[in-house]
Amino acid sequence: MILIRGIRSISSTYRHDFTDVPDTDENLSTSLILESQDDNCLMEIANLWPDSISLNASIIPEGIEKEVFIERTDLSDKINVYKFPKIDSQSNIQNPKFCVSKILINYERIGKYVLNGRSQLFDGEDFNDYHLNLPSESLFTKEFLTLTQSITETVDKRGLIQYGNTFAQCRIYPYGGLYNYGAHPKEIESCAFRIVSDGSSLSLRISPLSVFHNAGVDPFANQSSQDGGYKFVGIKEFSTSQKVSLYDELKSGACKIEITNKILNQKTMYASNSVLHIPNTNLITINFTQEEP
């Protein structure tokens, strides 16, 4: 297992006034305002739970360290799919793009909460009458689909790949996630590859899933030509999480935190709804709002 921690200084990167603005629409406050009919005065009902909670976090990639080979029956050449230089935090910046098996989102112990329209910073897990319940250091883990075993493609005289009882021009395989230090979470997504041959040697053509979508190709399904033959064979093993970028998954509420009200001795869940990235770092701010009961 390879953990790559980016070089950073939390104190110098995060401004302590916490004026970061999420890149999604502002959330409405859940404060309740009631108007009395008797004395015509406004009466504010204080919230029992924060309107929103924001946590500073870091994106930590976990590299792949295994040997999985690809070969074809029409060539004597074979290649190791995951053969790339060992990566540490320094080479992470010099060689920014590499394949990862998962992404960890780690809480950096700096946060902010908004209660009754007022915001306040906090450190750690305790803030005012509330406690952030963290089962581990990681707030969230995004796993990527990787190739788990070596593959031999059977190729006929026409250069078509055998797939079951039929043949295809190419087959798409999962490659993991492509991580780039300092990249926006929108760019952290699953990748797939196909085998390319020049007649004497093999190479991999690796593309993020967004490239397939932009080309009008569904990488998760088999696509056949009009004559009934397969043009390519897609990947059906992708989970819902693996089909979207880290950014879209966090915006959809996939990252959840549990908050305890120490006065009421009650707990409730908050879900992520927006993400702010600090450029050229592996640092983000995740905003959370209370889940509907």
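Sort 76, 207, 190, 54 by Cβ crowding within 10 Å, fewest neighbours at the top.
Working: 76 9, 207 18, 190 27, 54 22.
Exposure proxy ranking, most exposed first: 76, 207, 54, 190.
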*Over the residues of region 190-240, compute the C-alpha Rg and express it relative to 2.2 N^0.38 Å.*
1.27
*Extension gain, residue 200 back to residue 143 (0.36 nm per residue minus Cα-Cα distance, nm)*: 17.0 nm
*16 Å reach of a label modelled at residue 223, 7 Å along Cα-to-Cβ, counting backbone N of region 188-203*: 192-195
_Taking 285, 166 and counting other C-beta atoms within 10 Å, the order from fewest to most_ = 166, 285
*With r defined as the distance between the Cβ atoms of residue 48 and residue 252 and R0 fixed at 22 Å, what FRET efficiency is calculated, to the nearest 0.05?*
0.25
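No value in this document is a laboratory result; all are computed from the given coordinates. Remember, it's a predicted structure, so these values are computed and weren't measured experimentally. Cβ sites come from the backbone with ideal geometry, for glycine too, and all protein chains shown count toward neighbours.
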